[in-house]
1. Pick out the one residue from GLU78, GLU29 that is modelled with pLDDT under 95, within 13 Å of ALA101 (Cα to Cα), of a type outside the set (Val, Ile, Thr) and surrounded by 10 or more Cβ atoms within 10 Å (Cβ to Cβ).
2. Determine whether the stretch 88-100 contains at least one residue that is on the phi > 0 side of the Ramachandran plot and of a type outside the set (Gly, Ala, Ser).
3. Looking only at the stretch 49-62, which residues are among the hydrophobic types (A, V, I, L, M, F, W, C) and in contact with a helix residue (DSSP H, G or I) (Cβ under 6 Å, 6 or more places away or on another chain)?
4. Taking THR19 as the residue in question, decide whether it is touching a helix residue (DSSP H, G or I) at 6+ places or on another chain (Cβ under 8 Å) and outside any strand (DSSP E or B).
5. Every residue in the stretch 35-55 that is under 13 Å from ILE20 (Cα atoms) and exposed (fewer than 15 other Cβ atoms within 10 Å of the Cβ), please.
6. When the stretch 34-80 is examined, which residues are found to be free of Cβ contacts under 8 Å to residues at least 40 places away in the same chain and in a loop (DSSP other than H, G, I, E, B)?
7. Got at least one residue in the stretch 81-90 being surrounded by 15 or more Cβ atoms within 10 Å (Cβ to Cβ) and part of a helix (DSSP H, G or I)?
8. Condition first: touching a Lys or Arg at 6+ places or on another chain (Cβ under 9 Å) and modelled with pLDDT under 90. Now tell me which residues in the stretch 85-111 satisfy that.
Amino acid sequence: MSYRLLTFPLNELIIAPDTIAENLNHACERRPGLRITGVCQSNDHVCFPCEAAPANTPPVRYLLAPINADTTESLSAELHQRWASHFTTLGMVYLPNTYLALYTQPLNLKP
């Protein structure tokens, strides 16, 4: 079984979340079958554990997006809205004054 840990400084995530998402997608594209399974945060780093996905698992893309909710109800509504758009939530990272969520979305969605 394959395992990899992708680690980034928290400051990079604050400054360039789109670049970090591109790096996550690129790392998983280079090693077909590698999937991010969650998000772990320390005081100054964010880690994305990865492991081998089961055979024939459809490809996904990763997205880091701000969470604009400030109550449990608004968080629930925001996550449900993402789910309705075919996103799967893998976790959240706390940034100063906000949160950033890691989502996956299947690449083979039909419009």
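The values are calculated or read from the model by the stated rules, or taken from the named source; none is laboratory data. Computed from a prediction, not measured in an experiment: that's the story for all the values here. For neighbour counting, all protein chains shown are included, and Cβ atoms are generated from backbone atoms with ideal geometry for every residue, glycine included.
1. Working: GLU29 fails: within 13 Å of ALA101 (Cα to Cα).
Exactly one of GLU78, GLU29 is modelled with pLDDT under 95, within 13 Å of ALA101 (Cα to Cα), of a type outside the set (Val, Ile, Thr) and surrounded by 10 or more Cβ atoms within 10 Å (Cβ to Cβ), namely GLU78.
2. Filtering the stretch 88-100 for residues on the phi > 0 side of the Ramachandran plot gives 91, 97.
From what's left, of a type outside the set (Gly, Ala, Ser): 97.
Yes; the residues of the stretch 88-100 include at least one that is on the phi > 0 side of the Ramachandran plot and of a type outside the set (Gly, Ala, Ser).
3. Looking only at the stretch 49-62, we keep the residues that are among the hydrophobic types (A, V, I, L, M, F, W, C), and these are 50, 52-53, 55, 60.
If the condition is that a residue be among the hydrophobic types (A, V, I, L, M, F, W, C) and in contact with a helix residue (DSSP H, G or I) (Cβ under 6 Å, 6 or more places away or on another chain), then no residue fits.
4. Values: touching a helix residue (DSSP H, G or I) at 6+ places or on another chain (Cβ under 8 Å): yes; outside any strand (DSSP E or B): yes.
In short, yes.
5. HIS45, CYS47
6. Answer for the stretch 34-80, where residues must be free of Cβ contacts under 8 Å to residues at least 40 places away in the same chain and in a loop (DSSP other than H, G, I, E, B): SER42, ASN43, ASP44, ALA53, PRO54, ALA55, ASN56, THR57, ASN68, ALA69, ASP70, THR71.
7. Yes, the stretch 81-90 contains a residue that is surrounded by 15 or more Cβ atoms within 10 Å (Cβ to Cβ) and part of a helix (DSSP H, G or I).
8. First, the residues of the stretch 85-111 that are touching a Lys or Arg at 6+ places or on another chain (Cβ under 9 Å): 88-89, 101, 103-107.
Once the filter is applied, which keeps residues that are touching a Lys or Arg at 6+ places or on another chain (Cβ under 9 Å) and modelled with pLDDT under 90, the stretch 85-111 yields PRO106, LEU107.
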